[in-house]
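To keep things clear, I will list the structure first and then write my remarks on it.
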Amino acid sequence: MADRLMTVNAYTTLDLVDAKAEGHGFTEEAFATLNVTSPRKQPDHVSLQLELDPTELDTLSPHADTVRLSPDDARKLAAALEKHAETVEQA
């Protein structure tokens, strides 16, 4: 992915996933980087970051989205991911 905004290294959670961005009047699909982190010093939240490959986008300008989660919210998200992963595996 050229022109990345997010740092990608050996510790990146998922460095190449299929992604889709939808807006009023457009839908774009691209490879993306998805990363989960927390601050090294005095961690007080979990960050979930997503960046679509800007070389595959026509409508959106290069950007990365970040969601800050409390530990409880991160656990709820993890539980929901586990539940849906099991549903898909069983199908």
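The values are calculated or read from the model by the stated rules, or taken from the named source; none is laboratory data. These numbers were taken from a predicted model, which means no experiment stands behind them. Quick reminder, even Gly has a Cβ in these numbers, built from the backbone with ideal geometry, and neighbours come from all protein chains shown.
From Met6, Met1, which residue is touching a Phe, Trp or Tyr at 6+ places or on another chain (Cβ under 8 Å), assigned to a loop (DSSP other than H, G, I, E, B) and either surrounded by fewer than 13 Cβ atoms within 10 Å (Cβ to Cβ) or at pLDDT below 95 (or both)?
Numbers: Met6 fails: touching a Phe, Trp or Tyr at 6+ places or on another chain (Cβ under 8 Å).
The conditions single out Met1.
Would you check which residues across region 9-21 are loosely packed, with under 11 Cβ neighbours inside 10 Å and modelled with pLDDT under 95 and list them?
Within region 9-21, the subset loosely packed, with under 11 Cβ neighbours inside 10 Å is 9-11, 18, 20.
Of everything in region 9-21, those that are loosely packed, with under 11 Cβ neighbours inside 10 Å and modelled with pLDDT under 95 turn out to be Asn9, Ala10, Tyr11.
In this structure, is Thr59 outside any strand (DSSP E or B), loosely packed, with under 12 Cβ neighbours inside 10 Å, among the β-branched types (Val, Ile, Thr) and under 16 Å from the mean Cα position of the chain (by Cα)? Please lay out each step first, then the result.
Working: outside any strand (DSSP E or B): yes; loosely packed, with under 12 Cβ neighbours inside 10 Å: yes; among the β-branched types (Val, Ile, Thr): yes; under 16 Å from the mean Cα position of the chain (by Cα): no.
It is false that Thr59 is outside any strand (DSSP E or B), loosely packed, with under 12 Cβ neighbours inside 10 Å, among the β-branched types (Val, Ile, Thr) and under 16 Å from the mean Cα position of the chain (by Cα).
Cβ-Cβ under 6 Å, sequence separation 6+ or interchain: first residue in region 6-20 and without any contact (Cβ under 8 Å) to a residue 60 or more places away in the chain and over 14 Å from Ala64 (Cα atoms), partner of a type in the set (Asp, Glu) and in a loop (DSSP other than H, G, I, E, B). Which pairs?
Within 6 Å, no pair qualifies.
Can you name the number of the only condition in (1) of a type outside the set (Val, Ile, Thr); (2) touching a Phe, Trp or Tyr at 6+ places or on another chain (Cβ under 8 Å); (3) under 18 Å from Leu77 (Cα atoms) that Leu52 fails?
With respect to (1) of a type outside the set (Val, Ile, Thr); (2) touching a Phe, Trp or Tyr at 6+ places or on another chain (Cβ under 8 Å); (3) under 18 Å from Leu77 (Cα atoms), Leu52 is out only on (3).
Could you please find all residues in region 66-91 being assigned to a helix (DSSP H, G or I), among the small types (Gly, Ala, Ser) and more than 20 Å from Thr33 (Cα to Cα)?
Step one: filter region 66-91 for residues assigned to a helix (DSSP H, G or I), giving 71-90.
Filter once more, so that each one left must be among the small types (Gly, Ala, Ser): 74, 78-80, 85.
Result: Ala79, Ala80.
Within region 24-70, count every residue that is more than 14 Å from Asp3 (Cα to Cα) and of a type in the set (Asp, Glu).
Selection size over region 24-70: 5.
Take Glu51 and tell me if it is among the charged types (D, E, K, R), within 18 Å of Tyr11 (Cα to Cα) and either assigned to a helix (DSSP H, G or I) or touching a His at 6+ places or on another chain (Cβ under 8 Å) (or both).
Values: among the charged types (D, E, K, R): yes; within 18 Å of Tyr11 (Cα to Cα): yes; either assigned to a helix (DSSP H, G or I) or touching a His at 6+ places or on another chain (Cβ under 8 Å) (or both): yes.
Yes: the conditions hold for Glu51.
Report, ordered by the first and then the second residue, all pairs with beta carbons closer than 6 Å, sequence separation of six or more or different chains, a first member in region 27-54 that is surrounded by 13 or more Cβ atoms within 10 Å (Cβ to Cβ), and a second member that is assigned to a helix (DSSP H, G or I) and of a type outside the set (Lys, Arg).
Pairs found: Ala30/Glu56; Val46/Ala74.
What's the total number of residues in region 73-83 that are surrounded by fewer than 11 Cβ atoms within 10 Å (Cβ to Cβ) and either polar (S, T, N, Q) or within 28 Å of Leu5 (Cβ to Cβ) (or both)?
First, pick out the residues of region 73-83 that are surrounded by fewer than 11 Cβ atoms within 10 Å (Cβ to Cβ): 79-83.
Checking which are either polar (S, T, N, Q) or within 28 Å of Leu5 (Cβ to Cβ) (or both) leaves us with 80-81.
Matching residues across region 73-83 total 2.
Go through the residues of region 37-45 one by one and say whether even a single one is part of a strand (DSSP E or B) and at pLDDT 95 or above. Spell out the reasoning first.
In the first step, residues of region 37-45 are kept if they are part of a strand (DSSP E or B); the result is 37.
Next, only the ones that are at pLDDT 95 or above stay: 37.
Yes.
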